[in-house]
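Everything on this sheet refers to the single structure shown next.
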Amino acid sequence: MNLFGNIRADLATYDGRWSCQGFWVMMVYRFGRWRYTIRNGLIRKPFSMLYKFMEKIVEVLTGIELPCEVPVGANFRIDHFGDIIISGYARFGDNCIVRNGVTVGLKNIEEKAAPSIGSNVSIGAGAKILGNITIGNNVDIGANAVVLVSVPDNSIAVGIPARIIPKKNSQS
């Protein structure tokens, strides 16, 4: 999908509300990803400078840090603004929701590895997900949980440190 197609899809994710701070972050993120498609380094340079400027402005205005190096899937949503830090080493699948106060990042500065988050993951306010771990698909991370270990598919992670609880099968 091209730059404007991605922005239209992001706007739909935010129910057409262009005033959402998460949408602003996604527009700058999409611009940052798009600039890498410019093959000529000399032409790309001014776009990179513009991206770095816009990235800092949006961080100051929203309190959200989402580097364009982070791969995110379709329907990625920042549900509330403020105090959100996402490492450039992280990755997200489709249909993920991130709420305020969330950190997804490194556990140790020496190990440049951040979580790989699957699809259909809901991350509660204040959660910290740290280190070279994998969060499976269909996972809920509770508010203020501190997740330092991998979480399997169809689970809930709650507490400090997080306890992993299998989701109950809705067909039982």
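A few remarks follow.
- Residue 160 being among the aliphatic types (A, V, I, L, M) and under 23 Å from residue 23 (Cα atoms): no
- For the stretch 114-148, a residue qualifies if it is within 12 Å of the chain's Cα centre (by Cα) and part of a strand (DSSP E or B), and the qualifying residues are 116, 117, 122, 123, 129.
- Scanning the stretch 93-104 for any residue that is out of contact with any Asp or Glu (no Cβ under 6 Å at 6 or more places or on another chain), over 27 Å from residue 8 (Cα atoms), outside the structural domain of residue 6 (by TED's automatic domain parsing) and surrounded by fewer than 20 Cβ atoms within 10 Å (Cβ to Cβ) turns up nothing.
- Checked against the criterion of being in a helix (DSSP H, G or I), small (Gly, Ala, Ser), over 12 Å from the mean Cα position of the chain (by Cα) and surrounded by fewer than 17 Cβ atoms within 10 Å (Cβ to Cβ), the stretch 42-53 contains one or more residues that satisfy it.
The values are calculated or read from the model by the stated rules, or taken from the named source; none is laboratory data. Keep in mind it's a predicted model, so treat the numbers as computed, not measured. Glycine gets a Cβ as well: all are built from the backbone with ideal geometry, and neighbour counts include every protein chain shown.
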